[in-house]
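The values are calculated or read from the model by the stated rules, or taken from the named source; none is laboratory data. The structure displayed is predicted, hence computed values, not measured ones. Using ideal geometry, Cβ is built from the backbone for each residue, glycine included, and neighbour counts are taken over all protein chains shown.
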């Protein structure tokens, strides 16, 4: 006996909406079973992992802080992925954006440069990320080089450049030779939305990016063009859409948003340049984009969910002394369940008996 | 017991002014102590040893102290984890990697009644103390052993990052080797990670391929010494005793012993006598411990034991002047007959004889 997947012709919208919910419940049941096997209470784990972070104002804020870079990067990636272009290098574009923006922050450090610093830093970061994203796009359109490889490998190049800057030219001369820059001046620091809170304006940028993307994808010719390029490249060609300019455009957008996420994180959160400025956000955002089915609202929700698994995982370590491995396993189980649920909505599973096949 | 005041004047600008007295603490009956680790507790190196210290606290104060840890916390994303410990009723919080410095400082400012301790950093506050160990003392000893044991006159070093703590370790190691073997050469590879067994192992193999026959490491997993074991070469355990991973290769191990310090600081919080200070312990205070010298001839063993005793008694300082830099010029001697603590903690040069360049 073997399985066969046949595409469903009529996909019920109700099923599509319910699928992620079912996936979540399944993931929690599996994780709960594992926790029960470990001799702990699954209900307490669920409480600590999900309910407490969602019912405590501090955790809710932390959720937003953690979700901000993920959402910003993932929404940018959705442009590429919709057009069937595989930008795996958001981590590098994030880093390059942070470098471009920080250049201004460090060069105005200690001066009385005023309010113009921060907006210009943000623009520079978008520029830096976009330019860096355009490298694999250019190599693809001009020489036909596979963008998966180039974008991925450029991640390591960007990280090495950051590493060099943090250890060399940008090192704080008063920092005992440790690889860190000076801490940014207030003029170069992304402010918090509320006083005494860690939620900074990056969260607003992410929301704006999501809204604008929803409008672009749903209501503009460019949005239609992306969809067509992804689903039916030949049709897109006949319609007169140049694959070349689409490639350049989506990589620039995606790189620009990743770059913005980079400076938002450095300026709003870390406050200085150091060799490590990301917690793999550029790669985690790929998961977020697909968990959100490349849909703007979906990505918003997915970024919060992924942020919740991090924060809940820390809670579980602190309050229940559950190991970190369990958190990571749970993240994997969750992704598997969501993908499996999606597959079952889109495909019919048949059990074919031996010999009955072609 | 512990040498203090390392950064006193230098760090002044960077550190919050110590307000007179700080918050006067009351003795407590029951406290919670939290730990933030940069790696997994199972790294069998750095984080593992901090966790041994945590377990020592649990044993020392049964029923009075409970402990918690959060492992594998990325440095750029650690503020939330530290604050979560602060919010969940912990009275004393240890953050155990250099990269946790700024986040720890931020959270410490927000929670003035909670005591914080940051390992290997230099920023303090009335409720934030710092502590580190003089690992370079042990590295001088293993340098001497390596200088004696090498047949190819080529010794190797797997470093994590080219930060002062690691550079000082490389210099101490090489100075030790040079002191017994003037012809010895050193090859250095930076793995750019504290903990990544695959990368560390590759770095070690690259060194062994270049004729290195004694290997030191300043990364946290046993992978480098295991690589030495597999090739029939020698190595040294890092942070914890790695003999069980490399019974034939391990000559000795430099063990980080945080237990005494952690127990003492926990007791200080219980007694209400905790103060923010800077601690830099070495062989004399048993914060750095050498495991038994094995797999070597008796004369090398005797030499190592003598050097260990000399450093412990203060007769020998690995960085005794004159120290000559790579360019052949003598380094200014700012301490008492040796480099000052500040010079060691901010070390950013290789000594004469090392042919590599510090990656910049």
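Counting only residues that are surrounded by 22 or more Cβ atoms within 10 Å (Cβ to Cβ) and either part of a helix (DSSP H, G or I) or without any contact (Cβ under 8 Å) to a residue 60 or more places away in the chain (or both), the range A:273-283 holds 2 of them.
The residues of the range B:59-77 that are assigned to a helix (DSSP H, G or I) and modelled with pLDDT of 95 or more, listed by number, are B:59, B:60. Filtering A:107, A:146 for residues that are free of Cβ contacts under 8 Å to residues at least 60 places away in the same chain and more than 24 Å from the chain's Cα centre (by Cα) leaves a single hit, A:107.
Within the range A:324-338, residues that are under 17 Å from residue A:45 (Cα atoms) have Cβ atoms under 6 Å from residues that are not in a helix (DSSP H, G or I) in these pairs: A:324/B:71; A:324/B:72, counting only partners at least 6 apart in sequence or on another chain. Scan the range A:284-296 and tell me whether some residue there is within 13 Å of another protein chain (Cβ to nearest Cβ), in contact (Cβ under 8 Å) with a residue 24 or more places away in the chain and buried (at least 20 other Cβ atoms within 10 Å of the Cβ). Yes, the conditions are met somewhere in the range A:284-296. Taking only the range A:141-189 into account, find how many residues are in a helix (DSSP H, G or I), surrounded by 17 or more Cβ atoms within 10 Å (Cβ to Cβ) and within 12 Å of another protein chain (Cβ to nearest Cβ). Of the residues in the range A:141-189, 6 are in a helix (DSSP H, G or I), surrounded by 17 or more Cβ atoms within 10 Å (Cβ to Cβ) and within 12 Å of another protein chain (Cβ to nearest Cβ).
Residues of the range A:105-117 that are surrounded by fewer than 24 Cβ atoms within 10 Å (Cβ to Cβ) and within 19 Å of residue A:201 (Cα to Cα): A:114, A:115, A:116, A:117. In a residue-by-residue description of the range B:213-221, the property of being more than 30 Å from residue B:338 (Cβ to Cβ), assigned by TED's automatic domain parsing to the domain that holds residue B:147, buried (at least 24 other Cβ atoms within 10 Å of the Cβ) and modelled with pLDDT under 95 applies to at least one position. Restricting the range A:54-83 to residues that are without any contact (Cβ under 8 Å) to a residue 40 or more places away in the chain and assigned to a helix (DSSP H, G or I) leaves a set whose member that is nearest to residue A:125 (Cα to Cα) is A:60. Counting only strands (runs of 3 or more DSSP E) wholly contained in the range B:78-173, no element carries 3 or more residues that are within 10 Å of another protein chain (Cβ to nearest Cβ) and touching a strand residue (DSSP E or B) at 6+ places or on another chain (Cβ under 7 Å). Based on this model, can you work out whether residue A:255 counts as modelled with pLDDT of 95 or more, under 17 Å from the mean Cα position of the chain (by Cα), in a helix (DSSP H, G or I) and within 13 Å of chain B (Cβ to nearest Cβ)? Here the answer is no, as residue A:255 does not meet what is asked.
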